[in-house]
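The values are calculated or read from the model by the stated rules, or taken from the named source; none is laboratory data. All values derive from a computational prediction rather than experimental measurement. Cβ placement follows ideal geometry from the backbone for every residue including glycine, while neighbour counts extend to all protein chains displayed.
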């Protein structure tokens with residue numbers, strides 16, 4: 001077994017998290033390179049400064065266009081949101097890693113699928129409204145509450 005000093009261990013951790021060294025390009029290819037190194041970027045909707053995932057990307061890419069992340073998520077679909085260890089953005093190429101976890105969740109919580117099936121019309125209405133109007137706050141859907 002090889003032993004390393006705490007100082008080397010710290011340097012390795014910082015380097016592996018892409019917090020030092022050359023930055024990837026702040027474009028789609030550079031962002032995917034970063035996701036391939038990190039494998040997972042946590043999402044936190046509560047923000048004091050900015051959304052967590054954007055802060056993580058900014059600290060590693062520098063100035064970048066958040067629309068690139070949106071494109072990778074929603075048009076290119078090379079990234080997707082999933083409850084990896086918490087709400088996260090992960091690589092679509094890693095989907096096979098999460099498939100087992102998704103199946104276990106479905107077995108453990110069948111009521112989730114039952115709710116989706118029972119509320120299919122409501123779900124379709126929400127999707128249609130989001131598609132037609134775009135992102136909205138939850139308050140915009142108060143008319144759907146029974």
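Here are the numbers:
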| item | result |
| --- | --- |
| Qualifying residues in the stretch 112-139 (those that are surrounded by 13 or more Cβ atoms within 10 Å (Cβ to Cβ) and either touching a helix residue (DSSP H, G or I) at 6+ places or on another chain (Cβ under 8 Å) or touching a residue at least 12 places away in the same chain (Cβ under 8 Å) (or both)) - the one farthest from residue 102 (Cα to Cα) | 129 |
| Options 69, 38; residue that is under 13 Å from the mean Cα position of the chain (by Cα) and more than 27 Å from residue 135 (Cα to Cα) | 38 |
| Single match in 44, 29 (criterion: closer than 20 Å to residue 92 by Cβ, free of Cβ contacts under 8 Å to residues at least 60 places away in the same chain and either assigned by TED's automatic domain parsing to the domain that holds residue 90 or not in a helix (DSSP H, G or I) (or both)) | 29 |
| Flag if residue 2 is more than 23 Å from residue 94 (Cβ to Cβ) and in a helix (DSSP H, G or I) | no |
